[in-house]
Amino acid sequence: MLNPQRLFERLSALVQRLGFRAEWYLVFLAAVIGTLTGFGAVGFTKGLAAFEHFVVGLSRGNMVIGLLALPVVGMFLAGVLIVNFAPDAKGHGVPQVLKALISKGGVIKARIGAVKVVASILTVGSGGSAGTEGPIVQIGAVIGSVGGQWLRISREHMQTLVGCGAAAGISSVFNAPIAGVFFVLEILLRDFSLKTFTPIVVASVFSAVATQRLLGENTAIFTVDMNIHDYQFVWVELPSYILLGAVCGLVAVWFNKLLHKGEDLYDAWKVPALIKTVSGGVGVGLLGLGFVLLERNFFADLLGHGEVPAFYGNGYSTIHLLLDPNAYHLESGTQAMLLMTVLLIGLVLLKGVATTFTLASGGSGGVFAPSLFLGATTGAALGQLLESMGLIPAGSTPASYALVGMAAVVAGATHAPLTAILILFEMTRNIYVVLPIMLAAVIATAVAQIIERDSIYTFGLRRAGFTIGGARDLTVMRRVPVAACSLAPLPPEPIFASDPLSKLITLHAHHHVPDFVVVEQDSGKYIGMVTSADIRTALIDREAIPLLLVAEVMRTDLPTVHRDETLDTVMDKFARHDVASLAVVSPIDEHLPMAILTRAKVMQRYKEALEDS
């Protein structure tokens, strides 16, 4: 049987004999991960397309079945898979990957990827309002993580391999290898060092190549069939695109808050998880029925007659239409333009609510595609209004505002303007659109960050107590476990709550121990600590010291530390409790203390890690 550890050792030795540094084996692993993710992404999108075709066939001729029953059934089946096999497969994927990187060192179970594939196909293919990029990012991350676990890669490099898989997913689904790289560096790892950058670039490139080879074409899976390639940005449109960026920033914040408010309401609803998921399908279905009835009576022929509501699924067909200048009925008069604008604004609201029903209730899908949809409809609506007021110069079109709006809402929702700019550029490959995209994306990000500090990916994680940062030092701290720090031994004899305080003063004088761990007398389990600050307070009244017991000055509110925790979480504990030492517990029994970790040793190890990086 093939031994993965021996294979890994041989690969490392071969790379070093070729003259590379030890960690350059990651480049070869990145190429494999990128290729496998490319294959997986194409299989996922092909499976989704086939399922959508099947669903449309079932619903043809029966509006109630197509618009209401199928979303309910699809989300119910997805809920059954998620609840019973992989709860982390629900939602939009990227926060789960971030959580694994922060708290688990990048370790993700293989079954999460398998369940994510099927659950997302069932959710999105049956009409659930979500995208494909979140599932593909999670699938790629699972491939990178499982490969790293199989080869027993260190925690530091495991995170890089997870990033390789995520970048490969974005690269494949949008045929956007540059955007895939910056998505990982800007959103997931927040680390632009060369050591991380190189393997992620390799994974992204190999994924794009594999995708192009399988599809036999060099076009994005989400193609933009543009008729505005001749468009050129002119300076008089600067105010219009600044306004668009600000409006899109507000839409992004609204979407962020709406989605997480929906999650809060569903979390507070004390019913079985499957009932929640089915209710989300019912909500989407009712919105779909209402939209079709209104469209037929008031908005006929404005956006064509699709077989499903415009906001169902990933919404790509509607985005394609809005990027076509011929879709705008500008020659039909003011009334048609006004109706079109009202319809577009309505689609913004419906898409946000439908996505909240889909994901907050427990469905599976991404938020990137809904953000693109919100941006396209917002930009098109604003472009229509500007056109009606004569504020768009000749040669321009609301379609260009729809395109720029896509980048702006993505940037505002993710707080990742570089990713938004690059992915829209790679989808259009039109250099003239880059200037307004850059301007609007930066404006949208600034507006969103002023109103809400967290992106759509980090909002829930921060509320759950996870430290979300963007600096290089935080990335370094996440890579270093407590076990890599110098730990102080416990005093030679245990400290009990019933001991006199004078015992600690004697131990401090002989062993120079500043802080003391207190344990139960019978079991030896941790119950608290006496810090040097507590002892100094007691020494103010020296006459009372012979009368005091350890229990009277002991602190029971201090947390313990595990050897596999990373320095970022440990420093957060030190900061919240304002102490100099914490107890490190045994990996076998988390109630048994085994050593003491000081804040000074954490800072020393952090400084060493910074110098090494």
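The values are calculated or read from the model by the stated rules, or taken from the named source; none is laboratory data. Model, not experiment: these values are computed from the prediction. Because the Cβ atoms are built from the backbone with ideal geometry, glycine has one as well, and the counts that use them run over all protein chains shown.
Give the residue, chosen from V137, V173, V118, V146, that is of a type in the set (A, V, I, L, M), without any contact (Cβ under 8 Å) to a residue 60 or more places away in the chain and under 19 Å from L359 (Cβ atoms).
After applying the criteria, what remains is V118.
This table checks each residue for (1) outside any loop (DSSP other than H, G, I, E, B); (2) of a type in the set (V, I, T); (3) closer than 25 Å to M427 by Cα; (4) at pLDDT below 85.
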| site | (1), (2), (3), (4) |
| --- | --- |
| D301 | no, no, no, yes |
| N314 | no, no, yes, yes |
| L339 | yes, no, no, yes |
| T356 | yes, yes, no, no |
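Keeping to the range 199-225, report how many residues are modelled with pLDDT of 75 or more, more than 16 Å from V184 (Cα to Cα) and among the hydrophobic types (A, V, I, L, M, F, W, C).
Counting residues in the range 199-225 that are modelled with pLDDT of 75 or more, more than 16 Å from V184 (Cα to Cα) and among the hydrophobic types (A, V, I, L, M, F, W, C) gives 4.
Answer yes or no as to whether S154 is out of contact with any Gly (no Cβ under 8 Å at 6 or more places or on another chain), more than 26 Å from A310 (Cβ to Cβ) and not hydrophobic (A, V, I, L, M, F, W, C).
yes
Hey, can you tell me all the residues within the range 130-148 that are touching a Leu at 6+ places or on another chain (Cβ under 8 Å), buried (at least 24 other Cβ atoms within 10 Å of the Cβ) and either of a type in the set (A, V, I, L, M) or over 20 Å from A176 (Cβ atoms) (or both)?
A130, I143, S145, G148, listed by residue number.
Considering only residues that are within 17 Å of I535 (Cα to Cα), modelled with pLDDT under 85 and surrounded by fewer than 17 Cβ atoms within 10 Å (Cβ to Cβ), which ones fall in the range 484-502?
S502
Has the range 419-429 got any residue that is modelled with pLDDT of 90 or more and more than 19 Å from the chain's Cα centre (by Cα)?
No, every residue in the range 419-429 fails to be modelled with pLDDT of 90 or more and more than 19 Å from the chain's Cα centre (by Cα).
Would you mind finding the one in G38, G19 that is part of a helix (DSSP H, G or I) and either of a type in the set (G, A, S) or at pLDDT 85 or above (or both)?
Values: G19 fails: part of a helix (DSSP H, G or I).
Of G38, G19, the one residue that is part of a helix (DSSP H, G or I) and either of a type in the set (G, A, S) or at pLDDT 85 or above (or both) is G38.
If you check P325 against the conditions, is it under 26 Å from V247 (Cα atoms), at pLDDT 90 or above and either assigned by TED's automatic domain parsing to the domain that holds A407 or among the aromatic types (F, W, Y) (or both)?
no
Among (1) closer than 26 Å to R605 by Cβ; (2) in a loop (DSSP other than H, G, I, E, B), which single condition is E493 missing?
Failing condition for E493: (1).
How many residues are in contact with a Pro (Cβ under 6 Å, 6 or more places away or on another chain) and in a loop (DSSP other than H, G, I, E, B) if we restrict to the range 497-553?
1
Looking at L382, L374, which is the one that is in a helix (DSSP H, G or I), under 30 Å from T45 (Cβ atoms) and at pLDDT 85 or above?
One residue alone meets the criteria, L374.
Please go through the range 154-167 and give me each residue that is touching a residue at least 40 places away in the same chain (Cβ under 8 Å) and either more than 19 Å from the chain's Cα centre (by Cα) or not in a helix (DSSP H, G or I) (or both), ordered by number.
Of everything in the range 154-167, those that are touching a residue at least 40 places away in the same chain (Cβ under 8 Å) and either more than 19 Å from the chain's Cα centre (by Cα) or not in a helix (DSSP H, G or I) (or both) turn out to be R155, E156, H157.
For the range 186-194, check the following and say yes or no: at least one residue is in a helix (DSSP H, G or I) and hydroxyl-bearing (S, T, Y).
Within the range 186-194, none of the residues are in a helix (DSSP H, G or I) and hydroxyl-bearing (S, T, Y).
Which of the numbered conditions does V553 fail, given that it passes all the others? Conditions: (1) over 19 Å from P481 (Cα atoms); (2) β-branched (V, I, T); (3) out of contact with any helix residue (DSSP H, G or I) (no Cβ under 7 Å at 6 or more places or on another chain).
Unmet for V553, out of (1) over 19 Å from P481 (Cα atoms); (2) β-branched (V, I, T); (3) out of contact with any helix residue (DSSP H, G or I) (no Cβ under 7 Å at 6 or more places or on another chain): (3).
Just name the residue that is farthest from A413 (Cα to Cα) out of those in the range 231-283 that are without any contact (Cβ under 8 Å) to a residue 24 or more places away in the chain and of a type in the set (D, E).
D267
Just need a number here: residues in the range 353-395 that are more than 30 Å from I121 (Cα to Cα) and of a type outside the set (A, V, I, L, M, F, W, C).
Going through the range 353-395 one residue at a time, the tally reaches 7.
So V117 clears everything in (1) in contact with a Lys or Arg (Cβ under 7 Å, 6 or more places away or on another chain); (2) in a helix (DSSP H, G or I) except one condition, right? Which one?
Here V117 clears every test but (1).
Being in contact with a strand residue (DSSP E or B) (Cβ under 6 Å, 6 or more places away or on another chain), farther than 12 Å from I527 by Cα and touching a residue at least 24 places away in the same chain (Cβ under 8 Å): is that true of V579 here?
So V579 does not fit the description; no.
Checking G128 against (1) farther than 24 Å from L350 by Cβ; (2) over 16 Å from the mean Cα position of the chain (by Cα); (3) touching a residue at least 40 places away in the same chain (Cβ under 8 Å): exactly one of these is not met. Which one?
Here G128 meets the rest and fails (1).
Looking at (1) within 15 Å of the chain's Cα centre (by Cα); (2) outside any helix (DSSP H, G or I), which one does Q138 not meet, given that it meets all the others?
For Q138, the exception is condition (2).
Tell me, which residue of the range 538-585 that is polar (S, T, N, Q) and surrounded by 15 or more Cβ atoms within 10 Å (Cβ to Cβ) is nearest to T506 (Cα to Cα)?
S581
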